[in-house]
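Participant: If you scroll down you'll find the structure; I have some questions about it.
Please treat every number below as a calculation from the coordinates, not as lab data. Note that this is a predicted model, so its numbers are computed, not measured. Here Cβ is always computed from backbone atoms with ideal geometry, including for glycine, and neighbour counts include all displayed protein chains.
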Amino acid sequence: MYAGTRLRALLDQVDILVLPGVQDALSARPAQAHGFTAPAAGGNSATGTLLGAADLGQLGLRDFVDHYARIAAATDLPVLVDADTGFGGPHNVARMVRSFEQGGVAGFFMEDQVTPKRCGYLSGKAVVPVREQLGKLAAALDARRTRHW
């Protein structure tokens, strides 16, 4: 079954879905072994794992696609991932959605920060205008291959 469909089915079954944070392919396996039904992979943990640094927007789309695809391949669980700010405007977000889907992840969450973004626990963050974020979300919905992604 398609990863997005599996995640949607899990969300429809419960009021709260607990998704343990995983850093890489290796840490996704214990999540499955200990009975979790879906993990989440964050941008800060990806940046820390790949660069040994805080998440300040240094990684590009290809870095995240490759990293998340490895996590998705290491487990039978649907993986929810951090899309940072979408890697640009609506066209970039559409490309991101197609790339994440091809990589086998189940879905994503996306920040509304301005570029360059700052890690969530750092001060000095600003958000984009609502209309701009809505444009990114519309592009994401239009780009997906199935309605469950």
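Participant: Considering only the stretch 28-66, state which residues are of a type in the set (Gly, Ala, Ser) and surrounded by 18 or more Cβ atoms within 10 Å (Cβ to Cβ).
Facilitator: If the condition is that a residue be of a type in the set (Gly, Ala, Ser) and surrounded by 18 or more Cβ atoms within 10 Å (Cβ to Cβ), then Ala28, Ala31, Ala38, Ala40, Ala41, Gly42, Gly43, Ser45, Ala46 are the ones that fit.
Participant: Which residue, of Val81, Val65, is within 14 Å of the chain's Cα centre (by Cα) and part of a helix (DSSP H, G or I)?
Facilitator: Of the residues listed, the single one that is within 14 Å of the chain's Cα centre (by Cα) and part of a helix (DSSP H, G or I) is Val65.
Participant: Could I ask something else about it? Return yes or no: is Phe109 surrounded by fewer than 15 Cβ atoms within 10 Å (Cβ to Cβ) and either closer than 24 Å to Leu11 by Cα or touching a helix residue (DSSP H, G or I) at 6+ places or on another chain (Cβ under 8 Å) (or both)? Working first, answer last.
Facilitator: Numbers: surrounded by fewer than 15 Cβ atoms within 10 Å (Cβ to Cβ): yes; either closer than 24 Å to Leu11 by Cα or touching a helix residue (DSSP H, G or I) at 6+ places or on another chain (Cβ under 8 Å) (or both): yes.
Taking the combined requirement at face value, the residue satisfies it.
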